[in-house]
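Shown next, in C-alpha coordinates, is the structure this report addresses.
The values are calculated or read from the model by the stated rules, or taken from the named source; none is laboratory data. None of these values were measured; they are calculated from a predicted model. Heads up, the Cβs are rebuilt from the backbone with ideal geometry, glycines too, and the neighbour counts pull from every protein chain shown. Calculation scope for accessible area: heavy atoms of the full protein, side chains included, ligands and nucleic acids excluded. Shrake-Rupley method; radii C 1.70, N 1.55, O 1.52, S 1.80 Å.
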Amino acid sequence: MQTVKLSNGVTMPLEGFGVFQVTDGEVCRRTVQTALGAGYRLIDTASSYQNEQAVGAAIRAAGVPREELFVTTKAYIHQMGYEKTKAAFAESLQKLGLDYLDLYLIHMPFGDYYGAWRAMEELYQTGKVRAIGVCNFDAARLMDLCWNADIQPMVNQIERHPHFQREEELRIMAELGVQPQAWAPFAEGMHGMFTDPVLTSIAHKHGKSVAQVILRWDIQRGVAVIPKSVHRERLEENLDVWDFMLDMDDLVQIAALDRGQPSMLDPHRPSEVRRVYDYLRNPVLTSL
Ligand code: NAP
(Lines give C-alpha, C1' and ligand atoms only; values in the text may rest on other atoms or scores of the structure.)
Protein backbone atom coordinates (compact mmCIF):
# COMPACT_ATOMS: atom_id res chain seq x y z
CA MET A 1 0.00 0.00 0.00
CA GLN A 2 1.45 3.33 -1.02
CA THR A 3 1.00 6.29 1.24
CA VAL A 4 1.05 10.04 0.79
CA LYS A 5 2.53 12.58 3.16
CA LEU A 6 0.05 15.30 4.09
CA SER A 7 1.19 18.91 4.45
CA ASN A 8 1.68 18.43 8.21
CA GLY A 9 3.89 15.35 7.70
CA VAL A 10 1.21 12.79 8.63
CA THR A 11 1.25 9.71 6.39
CA MET A 12 -2.07 8.67 4.85
CA PRO A 13 -2.74 5.49 2.81
CA LEU A 14 -3.48 6.38 -0.82
CA GLU A 15 -6.32 3.87 -0.81
CA GLY A 16 -8.96 3.39 1.86
CA PHE A 17 -12.36 1.84 2.38
CA GLY A 18 -15.59 3.86 2.36
CA VAL A 19 -18.76 2.86 4.21
CA PHE A 20 -21.41 5.25 2.88
CA GLN A 21 -24.83 3.56 2.61
CA VAL A 22 -23.74 0.59 4.72
CA THR A 23 -26.37 1.40 7.30
CA ASP A 24 -27.06 -2.07 8.65
CA GLY A 25 -24.81 -2.29 11.70
CA GLU A 26 -24.06 -5.99 11.37
CA VAL A 27 -23.28 -5.73 7.63
CA CYS A 28 -21.05 -2.73 8.30
CA ARG A 29 -19.18 -4.45 11.15
CA ARG A 30 -18.65 -7.59 9.08
CA THR A 31 -17.62 -5.69 5.94
CA VAL A 32 -15.15 -3.40 7.69
CA GLN A 33 -13.64 -6.40 9.47
CA THR A 34 -13.30 -8.14 6.08
CA ALA A 35 -11.72 -5.00 4.60
CA LEU A 36 -9.21 -4.75 7.44
CA GLY A 37 -8.43 -8.45 7.03
CA ALA A 38 -7.89 -7.89 3.30
CA GLY A 39 -5.35 -5.16 4.01
CA TYR A 40 -7.23 -1.85 4.02
CA ARG A 41 -5.90 0.43 6.72
CA LEU A 42 -7.90 3.62 6.07
CA ILE A 43 -11.62 3.54 6.93
CA ASP A 44 -13.79 6.46 5.84
CA THR A 45 -17.05 7.02 7.71
CA ALA A 46 -19.14 10.06 8.71
CA SER A 47 -21.58 10.96 11.46
CA SER A 48 -24.32 11.11 8.79
CA TYR A 49 -23.63 7.50 7.68
CA GLN A 50 -24.93 6.34 11.07
CA ASN A 51 -22.44 3.51 11.25
CA GLU A 52 -19.61 4.87 13.41
CA GLN A 53 -20.45 2.38 16.18
CA ALA A 54 -20.26 -0.53 13.77
CA VAL A 55 -16.96 0.75 12.37
CA GLY A 56 -15.61 0.98 15.93
CA ALA A 57 -16.76 -2.57 16.69
CA ALA A 58 -15.05 -3.86 13.54
CA ILE A 59 -11.83 -2.08 14.43
CA ARG A 60 -11.80 -3.68 17.88
CA ALA A 61 -12.64 -7.12 16.48
CA ALA A 62 -10.02 -6.96 13.72
CA GLY A 63 -7.17 -6.56 16.18
CA VAL A 64 -5.05 -4.37 13.90
CA PRO A 65 -2.78 -2.16 16.04
CA ARG A 66 -4.32 1.31 16.35
CA GLU A 67 -1.19 3.05 15.06
CA GLU A 68 -1.48 1.10 11.78
CA LEU A 69 -4.99 2.41 11.18
CA PHE A 70 -6.14 5.67 9.65
CA VAL A 71 -9.70 6.46 10.71
CA THR A 72 -11.64 9.30 9.12
CA THR A 73 -15.02 10.71 10.10
CA LYS A 74 -16.91 13.89 9.25
CA ALA A 75 -19.05 16.57 10.83
CA TYR A 76 -22.33 17.08 8.98
CA ILE A 77 -24.19 20.35 8.32
CA HIS A 78 -26.21 20.35 11.56
CA GLN A 79 -22.88 19.96 13.40
CA MET A 80 -21.34 23.12 11.93
CA GLY A 81 -20.33 25.93 14.33
CA TYR A 82 -17.65 26.11 17.01
CA GLU A 83 -19.58 24.52 19.90
CA LYS A 84 -21.56 22.09 17.77
CA THR A 85 -18.48 20.75 16.01
CA LYS A 86 -16.66 20.21 19.30
CA ALA A 87 -19.66 18.26 20.60
CA ALA A 88 -19.96 16.34 17.31
CA PHE A 89 -16.31 15.35 17.47
CA ALA A 90 -16.68 14.02 21.03
CA GLU A 91 -19.78 12.07 20.00
CA SER A 92 -18.08 10.54 16.95
CA LEU A 93 -15.03 9.56 18.98
CA GLN A 94 -17.25 7.96 21.60
CA LYS A 95 -19.25 6.03 18.98
CA LEU A 96 -16.08 4.83 17.31
CA GLY A 97 -14.63 3.88 20.70
CA LEU A 98 -11.38 5.69 19.91
CA ASP A 99 -9.35 8.18 21.90
CA TYR A 100 -8.07 10.05 18.86
CA LEU A 101 -8.96 10.36 15.19
CA ASP A 102 -6.63 10.38 12.19
CA LEU A 103 -8.66 12.71 9.99
CA TYR A 104 -11.69 14.88 10.76
CA LEU A 105 -13.50 16.51 7.85
CA ILE A 106 -16.16 19.15 7.30
CA HIS A 107 -18.68 17.16 5.25
CA MET A 108 -20.29 19.98 3.26
CA PRO A 109 -19.45 23.63 2.59
CA PHE A 110 -22.73 24.77 4.16
CA GLY A 111 -23.67 26.46 7.44
CA ASP A 112 -21.15 27.91 9.85
CA TYR A 113 -18.17 26.01 8.57
CA TYR A 114 -15.78 28.75 9.68
CA GLY A 115 -16.90 28.22 13.29
CA ALA A 116 -16.46 24.50 12.70
CA TRP A 117 -12.96 25.09 11.38
CA ARG A 118 -11.93 26.99 14.53
CA ALA A 119 -13.08 24.01 16.59
CA MET A 120 -11.18 21.63 14.35
CA GLU A 121 -8.04 23.74 14.61
CA GLU A 122 -8.27 23.47 18.41
CA LEU A 123 -8.90 19.73 18.29
CA TYR A 124 -5.86 19.37 16.06
CA GLN A 125 -3.70 21.51 18.34
CA THR A 126 -4.65 19.45 21.38
CA GLY A 127 -3.68 16.23 19.57
CA LYS A 128 -7.19 14.76 19.46
CA VAL A 129 -6.97 14.48 15.68
CA ARG A 130 -3.85 14.01 13.54
CA ALA A 131 -5.14 15.85 10.46
CA ILE A 132 -8.11 18.03 9.54
CA GLY A 133 -9.74 18.85 6.24
CA VAL A 134 -12.87 19.42 4.23
CA CYS A 135 -15.10 17.75 1.66
CA ASN A 136 -16.86 19.13 -1.39
CA PHE A 137 -15.07 22.47 -1.33
CA ASP A 138 -14.61 23.82 -4.83
CA ALA A 139 -11.31 25.56 -5.54
CA ALA A 140 -12.63 29.05 -4.72
CA ARG A 141 -14.11 28.05 -1.35
CA LEU A 142 -11.00 26.09 -0.52
CA MET A 143 -8.78 29.05 -1.34
CA ASP A 144 -10.94 31.33 0.80
CA LEU A 145 -10.70 28.93 3.75
CA CYS A 146 -6.93 28.69 3.29
CA TRP A 147 -6.65 32.49 3.37
CA ASN A 148 -8.64 32.73 6.59
CA ALA A 149 -7.47 29.68 8.51
CA ASP A 150 -4.67 29.52 11.06
CA ILE A 151 -4.16 25.86 10.17
CA GLN A 152 -4.50 24.92 6.54
CA PRO A 153 -6.78 22.04 5.58
CA MET A 154 -4.70 18.97 4.79
CA VAL A 155 -7.28 17.07 2.71
CA ASN A 156 -10.19 17.93 0.42
CA GLN A 157 -12.45 14.94 -0.26
CA ILE A 158 -14.28 15.52 -3.54
CA GLU A 159 -16.41 13.74 -6.08
CA ARG A 160 -14.00 12.64 -8.78
CA HIS A 161 -14.21 9.89 -11.36
CA PRO A 162 -13.60 9.56 -15.12
CA HIS A 163 -16.81 11.49 -15.89
CA PHE A 164 -15.85 14.40 -13.60
CA GLN A 165 -12.08 14.78 -13.54
CA ARG A 166 -11.59 18.31 -12.11
CA GLU A 167 -8.03 18.73 -13.37
CA GLU A 168 -7.96 22.50 -12.87
CA GLU A 169 -9.14 22.11 -9.27
CA LEU A 170 -6.49 19.45 -8.66
CA ARG A 171 -3.84 21.90 -9.85
CA ILE A 172 -5.09 24.53 -7.40
CA MET A 173 -5.18 21.99 -4.56
CA ALA A 174 -1.56 21.15 -5.33
CA GLU A 175 -0.68 24.86 -5.15
CA LEU A 176 -2.45 25.11 -1.80
CA GLY A 177 -0.80 21.97 -0.46
CA VAL A 178 -4.15 20.22 0.01
CA GLN A 179 -4.27 16.48 -0.70
CA PRO A 180 -7.24 15.45 -2.88
CA GLN A 181 -9.17 12.29 -1.97
CA ALA A 182 -11.73 10.99 -4.46
CA TRP A 183 -15.12 9.94 -3.16
CA ALA A 184 -17.37 7.83 -5.40
CA PRO A 185 -14.39 6.93 -7.58
CA PHE A 186 -16.76 4.76 -9.65
CA ALA A 187 -19.61 7.30 -9.54
CA GLU A 188 -21.41 4.39 -7.88
CA GLY A 189 -21.53 2.78 -11.33
CA MET A 190 -23.79 5.53 -12.73
CA HIS A 191 -23.90 6.31 -16.45
CA GLY A 192 -22.53 2.88 -17.33
CA MET A 193 -19.18 3.45 -15.66
CA PHE A 194 -18.41 -0.25 -15.23
CA THR A 195 -19.32 -1.06 -18.85
CA ASP A 196 -17.75 1.95 -20.54
CA PRO A 197 -16.10 0.68 -23.77
CA VAL A 198 -12.93 2.79 -23.36
CA LEU A 199 -12.38 1.70 -19.76
CA THR A 200 -13.24 -1.89 -20.67
CA SER A 201 -10.67 -2.01 -23.47
CA ILE A 202 -7.98 -0.50 -21.21
CA ALA A 203 -8.90 -3.04 -18.54
CA HIS A 204 -8.57 -5.93 -21.04
CA LYS A 205 -5.21 -4.62 -22.20
CA HIS A 206 -3.83 -4.79 -18.65
CA GLY A 207 -5.69 -7.94 -17.59
CA LYS A 208 -7.51 -5.90 -14.96
CA SER A 209 -11.10 -4.84 -14.24
CA VAL A 210 -12.66 -1.45 -15.00
CA ALA A 211 -12.77 -0.75 -11.26
CA GLN A 212 -9.04 -1.40 -10.97
CA VAL A 213 -8.28 0.84 -13.97
CA ILE A 214 -10.24 3.71 -12.40
CA LEU A 215 -8.50 3.37 -9.04
CA ARG A 216 -5.10 3.11 -10.72
CA TRP A 217 -5.89 6.26 -12.74
CA ASP A 218 -6.53 8.20 -9.53
CA ILE A 219 -3.53 6.82 -7.69
CA GLN A 220 -1.17 7.56 -10.58
CA ARG A 221 -2.46 11.15 -10.52
CA GLY A 222 -1.66 11.35 -6.79
CA VAL A 223 -5.34 11.37 -5.85
CA ALA A 224 -6.24 9.20 -2.85
CA VAL A 225 -9.27 6.88 -3.23
CA ILE A 226 -11.88 5.40 -0.89
CA PRO A 227 -13.95 2.87 -2.88
CA LYS A 228 -16.83 1.09 -1.15
CA SER A 229 -18.05 -2.46 -1.60
CA VAL A 230 -19.93 -4.81 0.68
CA HIS A 231 -18.64 -7.82 -1.29
CA ARG A 232 -15.42 -9.54 -0.26
CA GLU A 233 -14.30 -10.35 -3.83
CA ARG A 234 -14.87 -6.76 -4.97
CA LEU A 235 -13.16 -5.12 -2.03
CA GLU A 236 -10.19 -7.45 -2.58
CA GLU A 237 -10.23 -6.65 -6.31
CA ASN A 238 -10.26 -2.93 -5.51
CA LEU A 239 -7.15 -3.35 -3.39
CA ASP A 240 -5.25 -5.19 -6.13
CA VAL A 241 -4.14 -2.10 -8.05
CA TRP A 242 -0.46 -1.84 -7.20
CA ASP A 243 1.07 -4.14 -9.83
CA PHE A 244 0.36 -2.32 -13.10
CA MET A 245 0.76 1.11 -14.69
CA LEU A 246 -1.50 2.97 -17.09
CA ASP A 247 0.47 4.35 -20.03
CA MET A 248 0.15 7.70 -21.77
CA ASP A 249 -2.23 6.30 -24.38
CA ASP A 250 -4.56 5.02 -21.61
CA LEU A 251 -4.42 8.36 -19.82
CA VAL A 252 -5.25 10.32 -22.97
CA GLN A 253 -8.26 8.07 -23.64
CA ILE A 254 -9.52 8.41 -20.07
CA ALA A 255 -9.07 12.20 -20.19
CA ALA A 256 -11.53 12.26 -23.10
CA LEU A 257 -14.26 10.71 -20.89
CA ASP A 258 -14.54 13.88 -18.78
CA ARG A 259 -18.03 15.42 -18.96
CA GLY A 260 -17.06 18.29 -16.69
CA GLN A 261 -20.19 17.79 -14.58
CA PRO A 262 -20.75 16.01 -11.28
CA SER A 263 -22.77 12.80 -11.42
CA MET A 264 -23.54 12.65 -7.72
CA LEU A 265 -23.59 16.03 -5.98
CA ASP A 266 -23.44 19.60 -7.20
CA PRO A 267 -23.11 21.93 -4.19
CA HIS A 268 -23.56 24.94 -6.52
CA ARG A 269 -27.14 24.10 -7.49
CA PRO A 270 -29.90 25.50 -5.26
CA SER A 271 -31.89 22.28 -5.76
CA GLU A 272 -28.96 20.30 -4.36
CA VAL A 273 -28.64 22.61 -1.37
CA ARG A 274 -32.35 22.13 -0.72
CA ARG A 275 -31.96 18.35 -1.05
CA VAL A 276 -29.13 18.36 1.48
CA TYR A 277 -31.15 20.38 3.99
CA ASP A 278 -34.21 18.18 3.32
CA TYR A 279 -32.05 15.25 4.30
CA LEU A 280 -31.65 16.76 7.75
CA ARG A 281 -35.41 16.83 8.20
CA ASN A 282 -35.98 13.39 6.71
CA PRO A 283 -32.78 11.36 6.53
CA VAL A 284 -32.75 9.06 3.52
CA LEU A 285 -29.17 7.98 3.35
CA THR A 286 -29.28 6.65 -0.17
CA SER A 287 -30.00 10.13 -1.51
CA LEU A 288 -26.82 11.77 -0.23
P1 NAP B 1 -18.26 4.24 -5.20
O2 NAP B 1 -17.16 3.75 -4.33
O3 NAP B 1 -17.96 5.01 -6.43
O4 NAP B 1 -19.15 3.04 -5.68
C5 NAP B 1 -19.65 2.07 -4.83
C6 NAP B 1 -20.54 1.17 -5.69
O7 NAP B 1 -19.77 0.44 -6.63
C8 NAP B 1 -21.29 0.17 -4.86
O9 NAP B 1 -22.57 0.03 -5.47
C10 NAP B 1 -20.51 -1.11 -5.04
O11 NAP B 1 -21.36 -2.22 -4.96
C12 NAP B 1 -19.93 -0.95 -6.42
N13 NAP B 1 -18.61 -1.57 -6.57
C14 NAP B 1 -17.54 -1.41 -5.74
N15 NAP B 1 -16.48 -2.08 -6.21
C16 NAP B 1 -16.88 -2.69 -7.36
C17 NAP B 1 -16.22 -3.52 -8.29
N18 NAP B 1 -14.94 -3.86 -8.14
N19 NAP B 1 -16.94 -3.97 -9.35
C20 NAP B 1 -18.25 -3.63 -9.51
N21 NAP B 1 -18.92 -2.84 -8.65
C22 NAP B 1 -18.24 -2.37 -7.58
O23 NAP B 1 -19.33 5.12 -4.36
P24 NAP B 1 -19.47 5.64 -2.88
O25 NAP B 1 -19.65 4.51 -1.91
O26 NAP B 1 -20.54 6.66 -2.92
O27 NAP B 1 -18.10 6.39 -2.57
C28 NAP B 1 -17.02 5.77 -1.90
C29 NAP B 1 -16.87 6.36 -0.50
O30 NAP B 1 -16.65 7.76 -0.56
C31 NAP B 1 -18.14 6.23 0.36
O32 NAP B 1 -18.37 4.93 0.84
C33 NAP B 1 -17.85 7.27 1.42
O34 NAP B 1 -16.95 6.74 2.39
C35 NAP B 1 -17.18 8.38 0.60
N36 NAP B 1 -18.14 9.43 0.19
C37 NAP B 1 -17.94 10.71 0.65
C38 NAP B 1 -18.81 11.72 0.28
C39 NAP B 1 -18.58 13.11 0.79
O40 NAP B 1 -19.43 14.00 0.56
N41 NAP B 1 -17.48 13.37 1.46
C42 NAP B 1 -19.90 11.45 -0.56
C43 NAP B 1 -20.10 10.14 -1.01
C44 NAP B 1 -19.20 9.15 -0.66
P45 NAP B 1 -21.32 -3.30 -3.76
O46 NAP B 1 -21.14 -2.56 -2.47
O47 NAP B 1 -22.64 -3.97 -3.90
O48 NAP B 1 -20.16 -4.20 -4.07
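Sort 141, 66 by accessible area with a 1.4 Å probe, largest first. Don't skip to the answer; put the middle values down first.
Values: 141 80, 66 45 Å².
So the residues, ranked largest to smallest area, are 141, 66.
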Solvent-accessible area, 1.4 Å probe, carbon plus sulfur percent, for region 3-281 | 51 percent
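If you place +1 on the Cβ of every Lys and Arg and -1 on the Cβ of every Asp and Glu, how big does the dipole about the Cα centre of region 3-281 come out, in debye to the nearest 20? Please list the in-between numbers first.
Numbers: 29 positive and 37 negative charges, 111 e Å.
My answer is approximately 540 debye.
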Does anyone have the angle between helix 270-281 and the longest principal axis of the chain? Alpha-carbon axes, 0 to 90°, nearest 10?
-> 60 degrees
Linear extension gain, residue 53 paired with residue 255, 0.36 nm per residue minus alpha-carbon span = 68.8 nm
Which value, in Å² and to the nearest 10, is the accessible area of residue 234 when all protein chains are kept and the probe is 1.4 Å?
-> 130 Å²
Name the most mobile residue of 78, 107, 163, meaning the one with the largest mean-square fluctuation, in a Gaussian network model of the chain with Cα contacts below 10 Å.
-> 78
Mind listing the Cα extents of the chain along all three principal axes, in Å, largest one first?
-> 53, 42, 39
Calculate the radius of gyration of the Cα atoms of region 1-107 to one decimal place, then report Dmax, the largest Cα-Cα distance, as a whole number, both in Å.
-> 13.3, 38
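Leaving out ligands and nucleic acids, note down the accessible area per residue over region 3-281 with a 1.4 angstrom probe, in whole Å². Working shown, then result.
On the way: 11430 Å² over 279 residues.
Value for region 3-281: 41 Å² per residue.
Please report the net charge: other residues with Cβ closer than 13 Å to the Cβ of residue 276, K and R +1, D and E -1.
Values: positive: 269, 274, 275, 281; negative: 266, 272, 278.
Spelling it out: positives minus negatives among the neighbours equals +1.
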For residue 92, net neighbour charge (Lys/Arg +1, Asp/Glu -1) across residues whose Cβ lies under 14 Å away = 0
Taking Cα atoms, the helix 139-148 axis meets the longest principal axis of the chain at an angle in degrees (rounded to 10) of 30 degrees
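Net charge within 11 Å of residue 15 by Cβ-Cβ distance, Lys/Arg positive one each and Asp/Glu negative one each, not counting residue 15 itself?
Working: positive: 41, 216; negative: 44, 218, 240.
Surrounding charge for residue 15 is -1.
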Okay, which of region 1-31 sit inside 16 Å, backbone N to the point 7 Å along the Cα-Cβ direction of residue 240?
-> 1
Charge dipole (region 3-281, unit charges on Cβ, about Cα centre) - positive-most of 32, 238, 156 | 32
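If DNA, RNA and ligands are ignored and the probe is 1.4 Å, what is the ranking of 47, 201 by accessible area, most exposed first? Walk me through the numbers on the way to the answer.
Numbers: 47 20, 201 60 Å².
Highest to lowest solvent-accessible surface, that is 201, 47.
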Please work out the Cα center distance from region 147-212 to region 61-83, rounded to the nearest Å.
-> 22 Å
Measure of exposure for residue 230: accessible area at 1.4 Å probe, Å² rounded to 10, is 60 Å²
